[in-house]
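The values are calculated or read from the model by the stated rules, or taken from the named source; none is laboratory data. None of these values were measured; they are calculated from a predicted model. A quick note on method: Cβ atoms are made from the backbone with ideal geometry, for glycine too, and the neighbour counts reach across all protein chains shown.
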Amino acid sequence: MSKSVDLAAVPAVALADGNSIPCIGMGTFGSDHADPKAVSDAVAGALRCGYRLFDCASVYGNEAQIGEVFAGAFEGGGVSREELFVTSKVWNDMHGKGDVLLSLAKSLKDLRLDYVDCYFVHWPFPNFHPKGCDVDSRSPDARPFSVEGFMSVWRQMERLADMGLTRYIGMSNMTIPKLEAVLPLCRIRPMLIEMELHPAFQQPELFDYCVANGIRPVGYCPLGSPNRPERDKTAEDAVATELPEVLSIAEAHGVHPALVCLKWAVQMGAVPIPFSLNERNYMANLRCVAEDPLSGDEMERIGKADRNCRLIKGQVFLWPGADGWEDLWD
């Protein structure tokens, strides 16, 4: 098997301004099982394989190591900065006045870049938790979403775009009511939105709302995130790669069920960002979107398989007095 995928064979998706990005990227959240060096090694391998979109974040704790990989690729002449689409995110503890600029400045230094291609508001509120906390951990300073609070962050994001430090700005972990409240107030609208998206949790109303508003969905947990932190797992969780509909389609195509999930996401018009440390797996993830598409009937069958099962519930972001994780999602 070839150690790379022909870049011309990987479909591109259009953004609202007419520019395009790869239809699939590589996530860099190593969760609790991958240290920064292991993640950066995977990024280096993914670059060699043909990945050109990388989803990063300050809170992942590995941007400095990934930056070394980028710098080496640029210096070696094999990859140019212009070929890459690199994203990062401001974490919840950097929502204060002036903090968003400081956050991006640190990410740019760590990633060894002059700009990122999209900078996201990671979560729409300043609630955060200590690393490695359990599911019952609560910050006494946590509070519900507020339009005023979010827009104070978004004004700083717009300023970063004005300064040329990011080409685009984006939102993440939003809901339709939140978007309806803030989009009319945006001077610069989000170009991308990150949302949990896999066959067991399809969020069709939110997906369609974003598309109708010219915002391209980026799907995280596209394989159902089997390696997500233990605090995010519950006994009722559905497993996307074990849905009967996904399994039968995978058997018909002779591929792993994970690849069916990725094909589905790409053909839906989302940009999935799977993560893997295994070269065979991340190569297969990239290759699968360039060949053997799902049929219309297969897409319809997966659409009907939705279990409406959110995996990243966000319990640790709840504020005192909240009833449950559902409060985070309106």
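Structure notes:
- Residue within region 125-134 that is surrounded by 16 or more Cβ atoms within 10 Å (Cβ to Cβ), over 19 Å from residue 194 (Cα atoms) and under 21 Å from the mean Cα position of the chain (by Cα) present: yes
- Helices (runs of 4 or more DSSP H) fully within region 160-276 that include at least 3 residues being under 17 Å from the mean Cα position of the chain (by Cα) and within 26 Å of residue 290 (Cβ to Cβ): 204-212, 257-268.
- Of everything in region 222-247 that is over 24 Å from residue 20 (Cβ atoms) and in contact with a His (Cβ under 6 Å, 6 or more places away or on another chain), the residue that is modelled with the highest pLDDT is 240.
- The listed residues are 89, 3, and the only one of them that is charged (D, E, K, R) and surrounded by fewer than 13 Cβ atoms within 10 Å (Cβ to Cβ) turns out to be 3.
- The single condition from (1) more than 23 Å from residue 245 (Cβ to Cβ); (2) assigned to a helix (DSSP H, G or I); (3) touching a residue at least 60 places away in the same chain (Cβ under 8 Å) that residue 287 fails is (1).
- Any hit, region 219-228, residues being farther than 30 Å from residue 147 by Cα, buried (at least 17 other Cβ atoms within 10 Å of the Cβ), among the basic types (Lys, Arg) and out of contact with any strand residue (DSSP E or B) (no Cβ under 9 Å at 6 or more places or on another chain): no
- Criterion violated by residue 67 - all others in (1) closer than 29 Å to residue 24 by Cβ; (2) at pLDDT 95 or above; (3) exposed (fewer than 15 other Cβ atoms within 10 Å of the Cβ) satisfied: (3)
- From the options 306, 292, residue that is modelled with pLDDT of 95 or more, under 28 Å from residue 50 (Cα atoms), acidic (Asp, Glu) and part of a loop (DSSP other than H, G, I, E, B): 292
- Residue among 108, 183 that is at pLDDT 95 or above, under 30 Å from residue 36 (Cβ atoms) and either of a type in the set (Lys, Arg) or out of contact with any His (no Cβ under 6 Å at 6 or more places or on another chain) (or both): 108
- Members of region 173-200 found to be surrounded by 21 or more Cβ atoms within 10 Å (Cβ to Cβ) and touching a residue at least 60 places away in the same chain (Cβ under 8 Å), listed by number: 173, 191, 192, 194, 196, 197, 198, 199, 200
- Among the residues making up region 293-327, those that are touching a residue at least 24 places away in the same chain (Cβ under 8 Å) and more than 21 Å from residue 242 (Cα to Cα) are 314, 315, 316, 317, 318, 319, 320, 322, 327.
- Any hit, region 15-23, residues being modelled with pLDDT of 95 or more, outside any loop (DSSP other than H, G, I, E, B) and buried (at least 20 other Cβ atoms within 10 Å of the Cβ): yes
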